[in-house]
Amino acid sequence: MANKKVNKKDIAKLLNQWRQQFTVLAPSKENGVAQMAEWDGKDTSFLDWYRNTVIPPKASFLPPMEEMFRFQKDKEGYHIELPPTNEHKQLIFGIRPCDARAMTILDMTFEEAYQDPYYLSRRKNAVLVGLGCTNPCESCFCTSMGVSPTESTNVDLMLTDIGDQFLIEVVTDKGKELIAKASGLKEATKDDEAKAKETKETSYNKITRKLDTEGIVDKLQASFDDEGFWEQTAAKCISCGICTLLCPTCYCFDINDELVRGEGTRFRSWDSCGFPVYTKMPMENPRLEKWRRVRQKVCHKFEFYPMTFNVIACTGCGRCIRLCPVNWDITQVLESVPVKTGVRK
Amino acid sequence: MEQKLRQEAKALLEQGKVDWIIGFEPGSLKFTTTPLITKDKNDADRLVINPFIVNNLADFLPEIKGRVGIVAKGCDSRSIVSLIQDNKVVREDVVILAVPCPGIIDLSKVERLVGKDRDELDDVTREGDKVIIKVNGKKKEFPVTEVLFDHCLACELPTPQEYDILLGEPRPPAPNLEVSGKDIENLKGLTPEQRWEFWGNELSRCIRCYACRNVCPACYCQRCFVEETEPQWVMPVPRWQDNLLFQIVRNIHVAGRCTDCGECERVCPVNIPLRSLTREMYDMVDELFHFKAGMDKEALPLMTHYEQEEAEDFFR
Amino acid sequence: MTATDISHRKKFFALGNVYLPHIVVIEKIIEETPGVRTFHFNFKDKKLGKEFSFESGQFGQYSVFGIGEAPFCISSSPTRRDHLEFTAQRVGRVTNALHRLGAGAELGFRGPYGNSFPLDFLKSKNLVFVGGGIGLAPLRSLIWNVIDNRNKYKKIDIIYGARSPADLCFKYDLDAWGKDKTVNMVTTVDKGDDTWKGKVGVVPKILEEVAPSAREAVAIVCGPPIMIRFTFPVLEKLGFTPKQMLTTLEKRMKCGIGKCGRCNIGNIYVCRDGPVFSYAQIKNFVSSEY
Amino acid sequence: MKQKTEWKPKLVGFLCKWCSYAGADLAGISRKKYPANLRIIKVPCSGRVDPLFILKALRLGFDGVLVSGCHPGECHYQTGNYRARRRIAITKRFLEYLGVEPQRIQASWVSASEGGKFTKVVDDVTKELKEAGPNQLFSERRGDGTKTKARSKGTTRARQS
């Protein structure tokens, strides 16, 4: 399908058309915290201020907390009931390429072996409309992680800024359907395509933070038992959950029950490998020391995930760097991994 | 000041007077610094003092083994004193390198002032009572009070009282409580229902990352009540009721140890105005018990001490 | 390695949702030692009970509704299916709640999860079981399995120990195996009492004394981590190769299916890729955090 | 004739075992009537009461919390009640600042011989709690982040990216 274009001032119109069928989520900034929230039908000011969200879009698929099921006890014993299914379809408008790639990375875990019904049903019903970055942050390093700030790989439709308009690339069949149902779009001209190409190149070059991940798996493997290195790396970490909870590719979760006056609920909620209680068993804790937890965080993304899925679980969105209370910088850490010859053991 | 700090730090390590130096080094983003925790005397040359040394380094003291030379602004020094009072830190094991602090620049305020994100700014410099912000090649000048952290505006102790080495000239305190206390005053103007709703709203954004707790030097418990499972006091899910319960009890638990360093509010990734809780508690403790955390090394900790007659009005 | 292929594993999900538990009923509770109880249970829905199958070494996630879930291996043998069993030590939130329950109480159960002891590999071999304390639970499932198919296996040695005579679990089994002429049963305690007539000494030491031959043998080890770590070197001394040593590991688990993230050792998830591992595998783990 | 049952506040009382708990006992023995809406939790000393207990009781839906210990100077452990006084004082004031009705946090000194005083305390507290009404602090009807716009100060650019 040929590419389309839309006037920036017609974005509200376009979103309202999609709103007939979808719950449209768009960048929103209540209380100063940017996140994907249900679009109000009017406000498109995010087109001016939006760079990326604080809360990653994974929250729409793996929410900070969700009901897994409810349970009740009566004379016959316990009864289990699934929460009312959330069949409504989500359209995420404006997802950045780094975060879209993160969704693809999360899919691997949730589809692998046992399927995760909660995540996958939301994922199946959702469409992602990407919006290319033209003003990336200082902390962004997507290009080092194999993601271009304007790439269309992991979305259904991709928008690229071409001045007063957006060029719309139709990426998937879902995207095709979206376009088919939308009016007011024009065919993109050769000139538009050229402009988009230019935007993409300019944006790409705006990413200045670089990280060399060549051979990172081997490097980390060789340094895994280098306690001194990990202790030094972890020294300033305060073991909070910001970098993990707000990471678009982190998915670890906790499961907890609550029983209130005979009505029970089992919740799933975000959890972090940075917390000491995360691995705590009654008698022992394999990751009691801070450096072990920091090592787990780094290695899970850059060593274990590649070993299992052949892809690094980091997209260079830079949230962990921007939001860290102590400016613990993953790019610096990875660059300081000692180069060791010979494989461990 | 920076040069002196580097020399002193290096000398302390060289002479074996300390095992560790904790200070600040340049961060990886514009206008940031990052804690430097080192045993290596060569690292001393990386130490900096500038208007962006945000962290309260006292937070690291209880977990570090050995003797420590620590860079401390006034507020940090109060946290250190508080830790000494609580027997979490031994006075003889710390060498306090005191920084007379003219206030730290709150980049969020700068962003709001100029309508740009911090990484879009060319430069932010302080010159006396002014701050000069360069954006798109243009210079803008503001009174520095417009960009300092609220807790800095309220600062009662710019220069540490308790120190071993003083870096630079002491600065007298000049708290501006009117400006720094505006948020709390506004809140007090609301009805109780509105206030409760306000806090419920604010805490509904909490993701339970516990950065506020972990960055707090007063929160040094090995195991926090939120992590207890027998009984489970608070559900470990980010739901506003449980978030609020956590935050209320955390505030009560650090009453008398909170020095109003403002770190909890600064680090909150979802902008919960936590200082409007901590500062009110700080003032309340002062009003009821005439106690200010970390001001007097000899004072007994607030909750281990009492007067015969105090705060009795509501007892039946 | 890539993620473990689980396509051959039986999927026994409630409503097709891997996280939903089935309801099971506690039929009987046996006090093994102070603080350790074995729970006999069956599916509330008898039909489901018939459909359910598992293998020795697999585990389940058990819910005390309103309190939470905890993983325990199924400690009964698949060859004895009038009921299922698991054994729990009272150590945390869920196990405290479990110990407050009586017969007739309902639990949630999901599983079976994890891999199992490789019966094909064990066939026609001499088997050396080395257990300590409550670590006998997963071994016990296999031991009964093997005894019920006695002609498929050769010699059986069982070396089991606990801190004191009072801490010995499954005394009824120990008795039965002691009487079984086809089994060499050795029981030991770290510290005996007036009535104790068995061996005294920690398990690795007694293992060295008993000195089972490594020829065509496999050792299956389970106990507290400290015992496991000291047992492997003894076995190596006796001539066992890392491939001839099996164990089952324990970690904190929430999901049981390799998603929630906490039970990993390197890129291995104990819940999904284990819990049964050979020492050869463990030695190859990128992490020494086992 | 049908009568609408009057709403009775649920009150939890943390009573020191050396004094107030015995006082409550005495009130019971001497058949003094006090409202049956009080759930008593015996504590070794009023100083044992962590403000967390108070908050947890409110979270669970109790309409009020009463902490009762020995008169100043009479603590079995010398200073427990003084420490309790500091804690409860800041808890009460702090919660008031947050918008909690002040009636919900109550404290008293009741000795083992003051059965009558105990009855009166419970009566008075109950009356005050009736004024305050049912505790809906943690119910979804209030403070639901999705329904109302907050007046937060973090308005414009902070943390947008």
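The values are calculated or read from the model by the stated rules, or taken from the named source; none is laboratory data. This is a predicted model, so every value here is computed, not measured. All Cβ positions, glycine included, derive from the backbone under ideal geometry; neighbour counts span all protein chains shown.
Does C:GLU55 meet the test of being in contact with a His (Cβ under 9 Å, 6 or more places away or on another chain), of a type in the set (Asp, Glu), in contact (Cβ under 8 Å) with a residue 40 or more places away in the chain and farther than 23 Å from A:THR279 by Cβ? No. When residues in the stretch C:84-102 are screened for being touching a residue at least 12 places away in the same chain (Cβ under 8 Å) and either of a type outside the set (A, V, I, L, M, F, W, C) or away from every other protein chain (no Cβ under 14 Å) (or both), 11 of them pass.
Taking every residue in the stretch A:150-164 that is within 13 Å of A:PHE93 (Cα to Cα) and pairing it with any residue that is acidic (Asp, Glu), at least 6 positions away or on another chain, the pairs with Cβ-Cβ distances below 6 Å are A:MET158/A:GLU169.
Among the residues of the stretch B:138-158, at least one is within 12 Å of another protein chain (Cβ to nearest Cβ) and either closer than 30 Å to A:CYS252 by Cα or in a helix (DSSP H, G or I) (or both).
Taken over the stretch A:210-230, residues that are away from chain C (no Cβ under 12 Å), part of a helix (DSSP H, G or I) and not aromatic (Phe, Trp, Tyr) amount to 3.
Screening the stretch D:56-74 for residues that are surrounded by fewer than 22 Cβ atoms within 10 Å (Cβ to Cβ) and either more than 11 Å from every other protein chain (Cβ to nearest Cβ) or in contact with a helix residue (DSSP H, G or I) (Cβ under 6 Å, 6 or more places away or on another chain) (or both) and picking the one that is nearest to D:SER113 (Cα to Cα) gives D:GLU74. Checking each residue in the stretch B:168-204 for being among the acidic types (Asp, Glu) and within 14 Å of chain D (Cβ to nearest Cβ) picks out B:ASP183, B:GLU185, B:GLU193, B:GLU197, B:GLU202. Residues that are facing chain D (nearest Cβ under 8 Å), within 22 Å of B:ALA58 (Cα to Cα) and either in contact (Cβ under 8 Å) with a residue 24 or more places away in the chain or of a type in the set (A, V, I, L, M) (or both) do not occur anywhere in the stretch B:230-245.
When we screen C:PHE121, C:PHE54, C:PHE86 for residues that are within 19 Å of the chain's Cα centre (by Cα) and farther than 19 Å from C:GLY256 by Cβ, the only hit is C:PHE121. Within the stretch A:292-334, the set of residues being charged (D, E, K, R) and over 20 Å from the mean Cα position of the chain (by Cα) comprises A:ARG292, A:ARG293, A:ARG295.
Considering only residues in the stretch C:271-290 that are out of contact with any strand residue (DSSP E or B) (no Cβ under 7 Å at 6 or more places or on another chain) and among the hydrophobic types (A, V, I, L, M, F, W, C), the one that is modelled with the lowest pLDDT turns out to be C:VAL286.
Applying the condition of being at the interface with another protein chain (Cβ under 7 Å from one of its Cβ atoms) and free of Cβ contacts under 8 Å to residues at least 40 places away in the same chain to the stretch A:246-270 and asking which residue is farthest from the chain's Cα centre (by Cα) yields A:LEU259. Where helices (runs of 4 or more DSSP H) sit wholly within the stretch C:78-176, those with at least 1 residues that are within 28 Å of C:ASP190 (Cα to Cα) occupy C:93-100, C:136-148. Grab the strands (runs of 3 or more DSSP E) fully contained in the stretch A:1-112, keeping just those with 2 or more residues being of a type in the set (Lys, Arg) and either in contact (Cβ under 8 Å) with a residue 60 or more places away in the chain or assigned by TED's automatic domain parsing to the domain that holds A:SER152 (or both). Output list reads A:4-7, A:65-74.
Inclusion of B:PHE291 among residues that are within 10 Å of chain D (Cβ to nearest Cβ), under 30 Å from A:ASN327 (Cβ atoms) and surrounded by fewer than 23 Cβ atoms within 10 Å (Cβ to Cβ) is not warranted. When you go through (1) of a type outside the set (A, V, I, L, M, F, W, C); (2) within 14 Å of chain A (Cβ to nearest Cβ); (3) over 21 Å from A:ASN285 (Cβ atoms) one by one for C:ARG81, which number turns out not to apply? With (1) of a type outside the set (A, V, I, L, M, F, W, C); (2) within 14 Å of chain A (Cβ to nearest Cβ); (3) over 21 Å from A:ASN285 (Cβ atoms) applied to C:ARG81, the lone miss is (2).
Yes/no per residue for (1) modelled with pLDDT under 95; (2) within 21 Å of the chain's Cα centre (by Cα); (3) crowded, with 19+ Cβ neighbours inside 10 Å:
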{"residue": "C:ILE6", "(1), (2), (3)": "yes, yes, no"}
{"residue": "C:LYS10", "(1), (2), (3)": "yes, yes, no"}
{"residue": "C:ASN17", "(1), (2), (3)": "yes, no, no"}
{"residue": "C:VAL24", "(1), (2), (3)": "no, yes, yes"}
{"residue": "C:ILE30", "(1), (2), (3)": "no, yes, no"}
{"residue": "C:PRO34", "(1), (2), (3)": "yes, yes, no"}
{"residue": "C:HIS40", "(1), (2), (3)": "no, yes, no"}
{"residue": "C:LYS46", "(1), (2), (3)": "yes, no, no"}
{"residue": "C:LYS50", "(1), (2), (3)": "yes, no, no"}
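Among the residues of the stretch C:263-286, how many are assigned to a strand (DSSP E or B), in contact with a Ser or Thr (Cβ under 7 Å, 6 or more places away or on another chain) and under 21 Å from A:SER272 (Cβ atoms)? The qualifying residues number 1. Under the condition of being more than 16 Å from C:THR231 (Cα to Cα) and either of a type in the set (Phe, Trp, Tyr) or surrounded by fewer than 23 Cβ atoms within 10 Å (Cβ to Cβ) (or both), the residues counted in the stretch C:120-137 number 7. Scanning the stretch B:159-172 for residues that are in contact (Cβ under 8 Å) with a residue 24 or more places away in the chain and either in a helix (DSSP H, G or I) or not hydrophobic (A, V, I, L, M, F, W, C) (or both) yields B:THR159, B:PRO160, B:GLN161, B:GLU162, B:TYR163, B:ASP164, B:GLY168, B:GLU169, B:PRO170, B:ARG171. For the stretch B:129-144, the criterion of being surrounded by 15 or more Cβ atoms within 10 Å (Cβ to Cβ), modelled with pLDDT of 95 or more and among the acidic types (Asp, Glu) is satisfied by no residue at all. Read through the list (1) surrounded by fewer than 17 Cβ atoms within 10 Å (Cβ to Cβ); (2) more than 20 Å from C:PHE65 (Cβ to Cβ); (3) among the basic types (Lys, Arg), then give the number of the only condition that C:ARG140 fails. Against the list (1) surrounded by fewer than 17 Cβ atoms within 10 Å (Cβ to Cβ); (2) more than 20 Å from C:PHE65 (Cβ to Cβ); (3) among the basic types (Lys, Arg), C:ARG140 comes up short only on (1).
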